[in-house]
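The values are calculated or read from the model by the stated rules, or taken from the named source; none is laboratory data. The model shown is predicted, which means the values in this text are computed figures rather than measured ones. Cβ coordinates were reconstructed from backbone atoms using ideal geometry, including for glycine residues, and neighbour counts include every protein chain displayed. The protein model used for the area step is the full one, side chains on, heavy atoms only, and it has no ligands, DNA or RNA in it. Shrake-Rupley method; radii C 1.70, N 1.55, O 1.52, S 1.80 Å.
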Amino acid sequence: MTGHDFLKLMPIIILAATPLIIMLAIAIKRNHLITAVLSVVGLFAALFAIPGAKYTNGDQVSNLFIIDQYALFYFALMFLATIVIIVPSFQYLELRFKGNREEYYLLLLTATFGSVGLAASNHFISFFLSLEILSVSLYALVAYLRHQNDGIEAGLKYLILAAVSSAFLLFGMSLVYSQVGSMQFKDVINFLSQNGNYNFISIAGVALMVVGFGFKLAVVPFHMWSPDVYQGAPAPVSAFIASVSKGGILALLFRFFAEFNIVQSRPLFTIFALIAVFSMFVGNFLALLQSNVKRLLAYSSIAHFGYILVAFIAGNAQQQFKGVEAATFYIVSYFITIIGAFMIIGLISNEEREGMEMSDYRGLYWRHPWLSVALSAMMFSLAGIPLTSGFIAKYYILASGISTKLWTLIIILIINSALGVYYYLRVTVEMFSNVDAEQKATLISPNVGILSGILLAVLTIALVWLGVYPTGLIGSIQAAMF
Amino acid sequence: MYDLLWLVPTFPFLGFLILAIFGKKIGKKLSAVVGVGSIGLSALITILIGIQFLTNPPEGHAFVQTLWTWIAADDFKVNIAFHLDALSMVFAFVVTFVGFWIHLYSTEYMADDEGFSRFFAYMNLFVGAMLMLVMGDNLLLLYLGWEGVGLCSYLLIGFWYRDPANGYAARKAFIVTRVGDAAMAVGLFMLFYSFKSLNIQEILSVAPHVWSPGNKLAVASTLLLLGGAVGKSAQLPLQVWLPDAMAGPTPTSALIHAATMVTAGVYLIARMNGIYLLAPLSMTAVAIVGAATLLVAGFAGMAQTDIKRVLAYSTVSQIGYMFLALGVGAWSAGVFHFMIHAFFKALLFLAAGAIILAQHHEQNMFKMGGLAKALPVTFWTFLIGSASLAALPLITAGFYSKDAIIWYAWSGPNGSIYLWMAAVFGAMVTAFYTFRMVFVTFFGEQKMEISHYPTWRVHIPLIALAFFALFGGFIELPGTLGHLTLFSDFMKSALPVVEGGHHEVSLEIFSQVLTAVLALVSIFVAYYLYLKNMQIVTNFTSTKFGHGLQQFLLSGLGFDWLYERLFIRPYVWLSRTNKRDFIDFFYVFLPWLARQFHYLFKYTQTGKVRRYVVGIVFGVLVSITIVVIL
Amino acid sequence: MTILFYIAALIAIVASIMVVTRTNIIHALLYMVISLLATAVMFFLIGAPFIAAMEIIIYAGAIMVLFVFVVMMLNLGKQAVEQEKRWLSTEGWYFPSLLSLILLLEIGYLIVSGQTAPFNGRQIPPAEVGKELYSTYLIGVELAAILLMAGIIGAYHLARRKKYVVHRFLKTEGAEQ
Amino acid sequence: MIAISLNTGLIIASIMFFTGLIGVMIRKNIMFMLISIEIMLNAAGLAFVFAGAQHGQADGQIMFLFILTTAAAEVAVGLALIIQFYQNLKRSIPMLPII
């Protein structure tokens, strides 16, 4: 470990130190607010360490991590996302959990650590360990409201399925390793590019590893946990699972296949294309008539990652529009919208329950116009309506697909976008419809804190801003590509 | 100075945002300051830029300000960029300058309305969208502005949404213009398909190399664009929405008729002049549409009783003149008439609004009368506006602008004697109904007491606009009368000059004198029929034929009736009989299929972990099988 | 020696099969320990003595004991065994087993189709493993530490027994499945 | 030393892995599912050690150590969840939790 390595690792080190400091603070005195503030401070400190890491030479840190511009871009994205998630979490826990609230932040920070580690991984070992740090933290976070059975049940389901999928991942890795003799991504991909067409064990290993990727991304057929877990988990945790956790694994997926042209490998192309197609269709069809907003978002996120996989398949081929760039833009846009949407679900909760049924949103416009406008903006963006970031993001994915000539996938994507509009607008329509007096009594009145309100406004503005002026973000994404 | 160009559309949008978000909280006074101030600033910048444009024109007489790239992928590149040349300069000037007076006027007109800040928010958005339309550098921005204008007109026409009739009028405007928009969208796609670019200047410069004159695609796309223009500019056969659009507040009408919405079609055709020149057929179509519209609307104007409807038909008719000018190839004459028309039409609407306000919101002019003494400023300014509309010779701006069109209708590259005849006849009709309106409203005995005396906020816009309606014409004088070509010289850099045609000075003088005499004669006829001897009219309309004719003209030559029978009823009938029919089956089938898929997939979502594991294993099995097989 | 390896492998597989088919959880755990011990023998035979020891100490000695503790804590009686019997006797296992078997055959086919070089046969002493672990994979050790920390925090929070006031509406929430 | 090829080792690991997988799928009892997952993880670790032995590297064994760590962490959280689940259900269902 040299001084350079140390500077490079600074964001991660700060992130890892934050839970320790918080534990010390808890040892002195338990206080929810102090804990939350400390975690935000820690995340900001990690964020501010990024420029230092950026201008230090030597991307490779030992052989496990590679901290390049690409990784740092995802670092920043995930730090910011976690900061944004902490704010509604604080309000949510104050309202809905009466036990110890401080461990939540420890787990959230370790989960972020896992996700960040994924973005920087360059080796099977760091990949696997980061993935497990993320998963183990999430098991506990999903079941954090431990007196509630849906939470525990969701946590158990998530645990069993995640463990099975990481067992598949491990088995796949061992097959790959047995052939390659190295666990460095670079060596693996070199091996695959050269011998992939006749070394079936390695390809089978990669195919088994797809389970690990697919599970965390919740793409068909590894998606079935997501609606149950989204529903059972606290809304901020669902936001985290939908955004940061998926972002990390996606960053890794792109890095892993960065030098590999998927279109060239028939088995892998078929597998990923099938996953993308089924994810789009199954996700959208399941969301179509869903009346639970959290499940709806879960299903829709299945479809969204189907779209992203299209860009992923388009990949890194030499063209004007790299699939990776398109997907990264999509991820940023998706982070903003999904965190915002779950934030609103968290705000429309009371001590008894979360406002996740469609009927909880009926007439929201008349009760809380700003909240409904923000949620409509999120829905429009998810549906990909112009002047929102979602439109630009989808457009870029289409463009990357077109320049790689993935016509079938493109057509399916377009059909599915149309399907998506239907159920997103259903939520919007619900908010603007009238409520009769009888229903009024059962409705939850949202209590928006000042900070949450400001954050929500910022997210909404960011959404429109990216829809009108995407060039800035695209520039920084292009600068951050490997 | 040019670098401030982006501020011109930004100010109205900013005003809209402020009013939309804080409108209710900041009160009427501040709302008015924001609403008027934003347009005022934008007008100020436009004028400053205009002065620089005149004194120190940019290279190539065009200035492009590229703010940023919105979307970029292969051919499809869209910049957020503004293009300033002589044409957009004139339009931007008219939109902001006239828009500013209308806004100022609105502060009084709308003072008692509860939706005060909402009104200004819409108006600001309207101006902003129009500015985007005229300044947009590419077709997508133009289209965005185009749709924005449509949306705002919908919101403003239906502003008093509690009355269902207003909502109906708003919907009618929206749907009718949509018909045109659909055609236009197809046209734009055609252009993109042919040129692989959305940049207007690029298309115009490339077009002659790609298309030979008379190319089928050129004709088709220009005709489709004409469809859009016809919808927005309320030309035949889509003119039916404009008279009904009177449902909105009067300042809205002024804005729609003078500065924004309806002139969008004129702008579109003038802007795309390069490709219209490649499609002679479309040019002829534009001219014929213009000529037919000016006559039809003129006739309809003769029988109206509602003061605002008279003005509405006059707008349709005057825009017809502009189309005629564009169609015969007198581009700058059309734009010149647009500018002058904006001045006097805004003036007339604002004055009419003042009258309506003074007459207990009565709009039927036959119930008014003798207002000349009670409302002197309004009377004189209205008179000036009417004179300009009627093209009273020599002293009004309207004479100079319309005279040029009439002459070019004959002598222009695509001109013909028939078009000229239609134009002359239209001028006569215009003079008649305009002064009929003046005599009925302002002369005779006063029938109602005055309910509201206008203040400076009404008078200043009226006087300012009256000044331009009177003297604005002196910047472009015909060859026979001083030959001043300031305006056409200015436009030369953006629009093609009138070429060819026959220039016989004697014919031109003949045309001018004839037009002038006919206008004077019809004013006299109007004076005789509606002031001196009303009995003749009453007698005539009491005969069966007279009554029928009156009703026919009153209904705008029965176009609404015709469309009702031609489109609406068959459509309703079709949709009724088709309720359970084959066509519906297709539309019902898709959602049904989607729903079945939903239930099918939902079945997999059992909530049982073991099943989920089976799902995962199934996925693995498929993957591995693929590896084994492939 | 080779025979010994095959015997260990057979024991490991059979013990695993026994684990997934037992009705009494303690029996299953004991079979699991046997399976782990057999695996340890395999490790030892292919030249990984350090891992063999770890397998016995940590896997069999610690993790399995954790299971046993929990089983004792939950105090599951005969009833649970009866229930397991009932569950296992239903035919729910045909399809999953078939699926897995096909998958196994396919992967087996792919593995067999590969190269068949014998093992390198080099003994890797604990010292070498330790040196690698604390030099090349140092960051991995740190990551493992954080993983364990997350596990401890999570387990601590979830398994706490301290009484807390449950909101009166929450009391009525029962099991859904 | 011993004449075992990599393929044999991998096949043994696969058989154990799929035994565990069948266990996860056919057992309704969450505790059995956890144990079956342990079998799967152990099998994956076995494959790693075989692979490491094939290349004469320590990496396979190191990976096994990390798998061990992971298994411990997962089991700890999983058992904690089971305890909590069991306690929440105690009043109504006096048996092992199923999901």
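The figures follow:
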read-out	value
Acute angle (nearest 10 degrees) that the helix B:456-471 long axis makes with the longest principal axis of chain B, alpha-carbon atoms	70
Reachable lysines from B:K25, criterion Cα separation under 26 angstrom, eight or more residues apart if same chain	none
With Cα atoms, 0 to 90° folded angle of helix B:376-389 axis to chain B main axis	80
Mean Kyte hydropathy of 1.6 or more with a Cα span along the axis of at least 18 Å, helices from DSSP in chain A	A:3-28, A:32-54, A:124-142, A:200-217, A:266-288, A:323-347, A:450-468
Entries in A:K157/A:K216; B:K308/B:K367; B:K367/B:K447 that, when Cα-Cα distance is taken, lie over 18 Å	none
Trypsin sites (Lys or Arg not before Pro), loop per DSSP, at most 10 other Cβ atoms within 10 Å - longest free stretch of chain B	B:163-578
Helix axis angle, B:417-442 relative to chain B longest principal axis, alpha carbon, degrees	70
Area of A:R353 that stays accessible when all protein chains are in place (1.4 Å probe, Å², to 10)	80
Three-way shape call for the stretch C:1-114 based on the alpha-carbon gyration tensor, with the a/c threshold at 1.5	oblate
Chain A: translational diffusion in µm²/s, Stokes-Einstein, Kirkwood Rh over Cα pairs, 25 °C, 0.890 mPa s	109
Candidate lysines for bridging to A:K322, where Cα separation is under 18 Å - those fewer than 8 sequence places away on the same chain excluded	A:K394, A:K405, B:K77
Mean residue ellipticity (222 nm) of chain B, computed from DSSP H runs ≥ 4 via -39,500 (n - 2.57), nearest 500	-24000 deg cm²/dmol
Total charge dipole magnitude, the protein assembly as shown, about the Cα centre, Cβ charges on Lys, Arg, Asp, Glu only, Debye to nearest 20	2800
222 nm mean residue ellipticity, helices alone, for chain A (DSSP H n ≥ 4; -39,500 (n - 2.57); rounded to 500)	-25500 deg cm²/dmol
Exceeding the 26 Å Cα-Cα cut-off - candidates B:K232/B:K345; A:K8/A:K186; B:K29/B:K373; A:K98/A:K246	B:K29/B:K373; A:K98/A:K246
Tensor-based shape of the stretch B:99-192 (alpha-carbon gyration tensor, a/c under 1.5 rounded, otherwise prolate or oblate)	oblate
Peptide A:287-300, shielding by other chains (average Cβ, 10 Å cutoff)	2
Ordering of A:201-208, D:40-47, C:151-158 by packing [mean C-beta count within 10 Å, highest first]	D:40-47, A:201-208, C:151-158
Average beta carbon contacts from partner chains per residue of A:218-224, 10 Å cutoff	6
Whether chain D is rounded, prolate or oblate, judged on the alpha carbon gyration tensor where a/c under 1.5 counts as rounded	oblate
Cα lying deepest toward the dipole's positive end in chain A, options A:L375, A:V37, A:S182, charges on Cβ	A:S182
Per-pair calculated FRET efficiency, R0 = 30 Å: B:L17 and B:K196 via Cβ, rounded to 0.05	0.30
Of all accessible heavy-atom area on the protein assembly as shown, the percent that carbon and sulfur account for (1.4 Å)	68
Distance in nm between pseudo-label sites at B:I460 and B:S416 (7 Å out along the Cβ direction from Cα)	5.1
GluC sites (Glu not before Pro) lying in DSSP loop within the stretch B:485-552, provided at most 12 other Cβ fall within 10 Å	B:E499, B:E504
Shielding by partners - mean other protein chain Cβ count within 10 Å, residues of C:19-28	5
Restricting the stretch B:104-211 to GluC sites (Glu not before Pro) in coil, as DSSP defines it, with at most 11 other Cβ within 10 Å	B:E114
Approximate spin-label separation B:S205-B:I450, in nm, with each point projected 7 Å along Cα-to-Cβ	5.8
Nearest-10 value in Å² for the accessible area of D:T8, using the 1.4 Å probe	40
Set of lysines near B:K602 by C-alpha distance (under 16 Å), chain-local residues within fewer than 8 positions excluded	A:K294
For A:P386, net neighbour charge (Lys/Arg +1, Asp/Glu -1) across residues whose Cβ lies under 13 Å away	0
Heavy-atom accessible area order for B:T434, A:T442, largest first, 1.4 Å probe	A:T442, B:T434
Å² per residue, accessible surface of the stretch A:55-155 at 1.4 Å	17
Residue-normalised accessible area of chain B, given per residue in Å² at a 1.4 Å probe	39
Chain D: calculated mean residue ellipticity at 222 nm from DSSP helix runs of at least 4, using -39500 (n - 2.57)	-28000 deg cm²/dmol
